[in-house]
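Trainee: Dropping the structure in here first, questions after.
The values are calculated or read from the model by the stated rules, or taken from the named source; none is laboratory data. Quick caveat, the model's predicted, so the values are computed rather than measured. Here the Cβ positions follow ideal geometry from the backbone for every residue, glycine too, while neighbour counts run over all protein chains shown.
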Amino acid sequence: MPWSVARARMACSFHLSSLIILAVISFAGLAMAAESLCEPGFVRGPRSNLRALPVATSNPDTIPRVVTIQWLGHSSFLIVTPGGATALTDPHSRYASPTVPDIVTISNEHPTHNQAQSVPGGARVLRGRTSDGEWIEVNVTVGDLSIKSLPSSGDNAIDIPAQNTIFVFRTEGLCIVHLGNLRQPLNEAQRQRLGRPDILMIPIDGHWTLSYDQIATTITQLQPAIVLPMHYDFPEHVRLFMEFIKATGPVRTTNETMLKLTRANLSGASEVIVLGYREGDR
């Protein structure tokens, strides 16, 4: 075979191999970009109706590994994993954490969300933005708790700028999404990135953040098992929200501020659970 022909064939083979490698890399990159923070295979499984967990059992090996979510007030929740890792969302000076957390997440820099200095101890503080407003990708694991972030705009027609970050917490087969001060509906890229959370913490004031219609749309988009209302300080706010949202799905209130969950005790349809609700409060 003439050398020129052989060289041409070698060149073609090299270019073809390069194209295949590039295609594989590109496909892998797209797959990574499309990976949901709440992957359906990870968070979806057999469910029964939400039920109370037993306090004790005769066989320690059958004690369920429980994830505890406690609403402290406004947009502040305390998440406690079965392994003892703790995360406090959007610290508020009026709503103290009952324990010193390992992690503090701040979705935006409004004073009702960013009071990290009021949290005792040396918790690691996670922000989604720098002081100049630049996006910071959060990907942190503490014990059996992983935390990731997703940027979102916090601006709407109300002239109070708040660059917002959505935080995603994963532990014990559960995916928990805190939407922060979300003020615009999720776009398709954000919806795909989030996937289908098990627990969705969503602002329901109806004025400073999403409208009621936008809240209903967001719940329909994400189809979480449990919706936890947040971003309100007065019972009247949540009563007005419940009057609207009860037409779209089940709503349950409890005077308890704490919810104990396992993978097995999630309901099949989206249920709104209002924590810390006391009938007659003004």
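Trainee: Hey, among the residues in segment 90-135 that are in contact with a strand residue (DSSP E or B) (Cβ under 7 Å, 6 or more places away or on another chain) and β-branched (Val, Ile, Thr), which one's nearest to Pro203 (Cα to Cα)?
Mentor: Once the filter is applied, the top-ranked residue is Thr112.
Trainee: Here is a further query. Can you name the residue in segment 223-251 that is within 13 Å of Ala269 (Cα to Cα) and not hydrophobic (A, V, I, L, M, F, W, C) and is also surrounded by the most Cβ atoms within 10 Å (Cβ to Cβ) among such residues?
Mentor: Result: Pro224.
Trainee: Could I ask something else about it? Determine which member of the set Thr171, Thr220 is among the polar types (S, T, N, Q), within 24 Å of Thr262 (Cα to Cα) and modelled with pLDDT of 95 or more.
Mentor: Thr171
Trainee: Considering segment 167-202 alone, what residues qualify as being within 24 Å of His237 (Cα to Cα), buried (at least 23 other Cβ atoms within 10 Å of the Cβ) and in contact with a helix residue (DSSP H, G or I) (Cβ under 8 Å, 6 or more places away or on another chain)?
Mentor: Within segment 167-202, Val177, Leu179, Leu182, Leu200, Ile202 meet the criteria.
Trainee: For Val125, indicate whether it is buried (at least 17 other Cβ atoms within 10 Å of the Cβ) and touching a residue at least 12 places away in the same chain (Cβ under 8 Å).
Mentor: no
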